[in-house]
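The values are calculated or read from the model by the stated rules, or taken from the named source; none is laboratory data. All of these numbers come straight from a predicted model, not from anything done at the bench. When we count neighbours, we look across all protein chains shown, and the Cβ atoms used for this are built from the backbone with ideal geometry, even at glycine. All accessible areas refer to the heavy atoms of the entire protein, side chains included, with ligands and DNA or RNA removed. Shrake-Rupley method; radii C 1.70, N 1.55, O 1.52, S 1.80 Å.
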Amino acid sequence: MRQKYPSDISREQFEPILPILESSCKTTKPRTIDLCDVFCAVLYLLKSGCQWRMIPKDFPKWRTVHSYFQPKFSG
């Protein structure tokens, strides 16, 4: 269990967002991270204005969070 931050949203608030995140990255193996934690890490980054590498260590690794945040282009 990770620390709660003021920028976090509840699991209920996250439910409509989950399908969007699930479709954003191709999975070749079972997911080992909590997508709600990924989303909350992005919210933390946006709220605090910190750099990617300064996301607290109890969130998923910053590179993982960034991979969900960066736009995916087709073509």
key: Pairs, first under 17 Å from residue 10 (Cα atoms) in region 34-55, second of a type in the set (Phe, Trp, Tyr) and open to solvent by less than 60 Å² (accessible area, probe 1.4 Å), C-beta under 6 Å, six or more apart   = 36/14; 37/59; 38/68; 41/59; 44/5
key: Test result for residue 23, small (Gly, Ala, Ser) and at pLDDT below 95   = yes
task = Determine whether residue 29 is surrounded by fewer than 15 Cβ atoms within 10 Å (Cβ to Cβ) and modelled with pLDDT of 90 or more.
result = no
request  = For residues that are open to solvent by less than 50 Å² (accessible area, probe 1.4 Å) and aliphatic (A, V, I, L, M), scanning just region 1-20, find the one that is modelled with the lowest pLDDT.
outcome  = 17
ask   = Which of the residues that make up region 55-72 are in a helix (DSSP H, G or I) and farther than 16 Å from residue 2 by Cα?
value = 63, 64, 66, 67, 68, 69
inquiry  = Quick check on residue 36: is it in a loop (DSSP other than H, G, I, E, B) and of a type outside the set (Phe, Trp, Tyr)?
reply    = no
task = Please name all residue pairs, on different chains or six or more residues apart, with Cβ atoms under 9 Å, provided the first residue is in region 2-17 and is under 19 Å from residue 33 (Cβ atoms) and the second residue is of a type in the set (Ser, Thr, Tyr).
result = 5/44; 5/48; 7/44; 7/48; 8/44
